[in-house]
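Q: Sending over a structure as structure tokens; questions will come in a sec.
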Amino acid sequence: MKKIYATIIVLSLFSCGKHADVRKAEGLINIEEIASDISILSADSFLGRGPFTIGEKRTLEFLEKRMVEIGLEPVFEGDYFQKVPLVEIESTVPQKVVFNTTKGSKEVLVGEDITLWSPSLIREVKINESPLVFVGYGINSPELGWNDFGKVDVKGKTIVVLVNDPGFATGDSSLFNGRSMTYYGRWRYKFEEAERQGAAGCIIVHEQNAAGYPWLVVNGGNRRSDIFLDDESIENPACKLHGWIKEEAAMALFESSGYDYSLLKEQASRNGFLPVDLNASLSVNVKNKWKKSQSSNVAGFIKGKVKPDEVLVYCAHWDHLGVGTPLDGDSIYNGASDNAAAIAWMFGIAKAMKSVEGSLNRSVLFLSPTAEESGMLGSEYFVKNPPFAPGKMVSCFNYDVVLFLGKFKDVTITGPGHSNLDSLLEVEAKVDNRYVCSDPNPENGMFYRSDHLPFVKAGVPSLFAKGYSHQVELGREKTLEKVEEYWRTTYHKPSDHYIPEKHNLEGLVDDSRLFFRLGFRLANEYVYPEWSSNSEFFVDRFEH
């Protein structure tokens, strides 16, 4: 029955022919307006759009102004802004941390070997001789028949876990999703599962290839500040200690406890692995201080004519890294590609959608969340406190990290296979003689690192896709070289500028028009995109 219904979705959605006004509406999406939005949002005067700064104030004013100009209705009881309660927690730990092992004390340097913090509103967190337990990948997945915790009770203990998941380590496509990371491989999942298991602490072993980023990204030294949602989850969590440890330091720690790290790592990649008591303990005091504040999500919508309570969401976060460590004399992290360009994408679609509002059966919402760079906090808050019921959210289209390389032959889906939105996108891409492909580096887990993730976790089928891996003139191989260069020289650096004489926005315009058409189709159908039963986020929407 499911396969038949999925086929009906595709046929009903794409056999009805072009709407008479669609091409005209597409033409409203143009380079000039997109370039203007990017230039303004990534200007030095916006100071890198850091939350809690004058840069946030200027950004919010601009976003509201644009939504009013386009004619979007306020979403939040007559307001474009949804206040998001946040708290910045600064954790301080000693410069050295000592593990007690069977071979005596093992000292590690904070920053050099390990980084620790406490995501809690507790002034002093005392971890006193907490036993260390190695629990492999720290995964508990009943649907996959995988449980790294076995019947071991880790309450009050500190667990040591591997990053990523067994599929990456073995390359075995029958394990999880092979080399492509699943949510079980993300650091966020490891900490969430540690909390569910009642562990006192969770320390992830950092290995660069498996993590997808170097030690520099996770290292906070002995004084680390992080932003969290100000809710009950941080008031008095069970798992009060989070951290990372370098793989080399983990090897030495295991050896000092009488274990071969490499052997245990290999064993942990097989189903049936049981936790190992490392015969070691950790004692450390973490001192916290915090500052509470508010930031804002920004959203406007176009009300559907037939089913206004059902909504399609377009999402592009507004925040970036603000003013930070100077590189080559520049300390403003302007964030042109991440994510001013995505906001321009969203506004282009909004303008086109507004021009055909009389033809929209469902509502269409345009959301710019805050604090994506701090862990998708704005979108998480939105999903937990939605103006529309999650069950009425048809789908979410998220856009993030844009390449200014011109036209693309491809539409790269980051995280394919979760829903039949993939096939709907493929049909629409063919209209532009483009093909759909997968992320060339799925092991990096980018699907789990942007604002669609809270929607996915809430059961809303989502797409994270864009022109990315096959620029028309460059070809695929040369384009991937440019992609590698971008991540190395531009991503999360002050060099993320928009330079009109250097950058080509034609691909961004193409993506905007593509996702406008796809959204227009979905806004005029009464079907719901269907989850893939192979997705770890699978929800049977036909039961609702």
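Each reported figure results from applying straightforward, stated rules to the coordinates on display, with no laboratory input. Just so it is clear, the model here is predicted, and its values are computed rather than measured. With ideal geometry, Cβ positions are generated from the backbone for all residues, glycine too; neighbour counts draw on all protein chains shown.
Q: Say the dipole of the chain comes from +1 at the beta carbon of Lys and Arg and -1 at that of Asp and Glu; which of Ile203, Gly391, Leu278 then lies farthest toward its positive end?
A: Gly391
Q: I would also like to ask the following. If packing is taken as the average number of other Cβ atoms within 10 Å across a peptide's residues, how do 365-376, 32-43 rank, most packed first? Could you put the intermediate results ahead of the total?
A: Values: 365-376: 25.1, 32-43: 18.7.
So the peptides 365-376, 32-43, ranked by packing, come out 365-376, 32-43.
Q: Then there's this: Taking +1 at the Cβ of each Lys and Arg and -1 at the Cβ of each Asp and Glu, which of Thr59, Ala336, Gln471 sits farthest along the dipole of the chain towards its positive end, judged by Cα position relative to the Cα centre?
A: Thr59
Q: With a ≥ b ≥ c taken as the square roots of the eigenvalues of the C-alpha gyration tensor of the stretch 341-422, please select rounded if a/c is under 1.5 and otherwise prolate if a/b is larger than b/c or oblate if it is not?
A: Details: a/c = 1.40, a/b = 1.10, b/c = 1.27.
Because its axes are fairly even, with a/c under 1.5, the stretch 341-422 counts as rounded.
Q: Follow-up. For the chain, give me the percentage of DSSP beta bridges that are antiparallel, rounded to the nearest 5 percent.
A: Details: 56 of 90 bridges.
Bridges in the chain are about 60 percent antiparallel.
Q: If packing is taken as the mean number of other Cβ atoms within 10 Å per residue, what is the order of 505-513, 223-231, 96-104, highest first?
A: The most tightly packed comes first, giving 505-513, 223-231, 96-104.
Q: With Cβ to Cβ distances under 15 Å as the rule, what net charge do the other residues near Glu207 carry (K, R +1; D, E -1)?
A: Summing Lys/Arg as +1 and Asp/Glu as -1 gives -1.
Q: Summing -39500 (n - 2.57) over the DSSP H runs of n ≥ 4 in the chain and dividing by its residue number, what mean residue ellipticity at 222 nm do you reach, to the nearest 500 deg cm²/dmol? Don't skip to the end; give the middle numbers.
A: Values: 16 runs with 160 residues, N = 544.
Calculated at 222 nm, the ellipticity per residue is -8500 deg cm²/dmol.
Q: According to the square roots a ≥ b ≥ c of the eigenvalues of the Cα gyration tensor, what is the shape class of the stretch 434-544, taking rounded for a/c under 1.5, prolate for a/b larger than b/c otherwise, and oblate for the remainder?
A: Numbers: a/c = 2.20, a/b = 1.68, b/c = 1.31.
It comes out prolate by the Cα gyration axes.
Q: Just to confirm a number: summing +1 for Lys and Arg and -1 for Asp and Glu over residues other than Gly178 whose beta-carbon lies under 12 angstrom from that of Gly178, what do you get?
A: Numbers: positive: Arg179; negative: Asp165, Asp172, Glu443.
Once all neighbours under 12 Å are counted, the net charge is -2.
Q: Of all DSSP beta bridges located in the stretch 88-290, what percent are antiparallel, nearest 5? All intermediate terms of the calculation are to be shown ahead of the outcome.
A: Numbers: 32 of 47 bridges.
Percent antiparallel among DSSP bridges in the stretch 88-290 is about 70.
Q: Let me ask something else. Output the peptides 259-269, 408-418 sorted from most to least packed, where packing is the average of other Cβ atoms within 10 Å over each peptide's residues. Could you put the intermediate results ahead of the total?
A: On the way: 259-269: 16.0, 408-418: 22.5.
The densest-packed peptide leads the list: 408-418, 259-269.
Q: Next up: Send over the Kirkwood Rh of the stretch 88-290, from the inverse of the averaged 1/r over different Cα pairs, rounded to one decimal Å. Spell out each step's value before the answer.
A: On the way: mean 1/r = 0.0592 Å⁻¹.
Value: 16.9 Å, from the Cα pair sum.
Q: Within the set of other residues whose C-beta is less than 10 Å from the C-beta of Asp400, count the net charge using Lys and Arg as +1 and Asp and Glu as -1. Mind dumping the intermediate values first?
A: Working: positive: Arg449, Lys466; negative: Asp338, Glu372, Asp451.
Around Asp400, the surrounding residues sum to -1.
Q: OK, next. Just one of [x] 29.0; [y] 27.0; [z] 24.3 is mean projected area of the Cα convex hull in nm² as worked out from the coordinates here. Which one is it?
A: [z]
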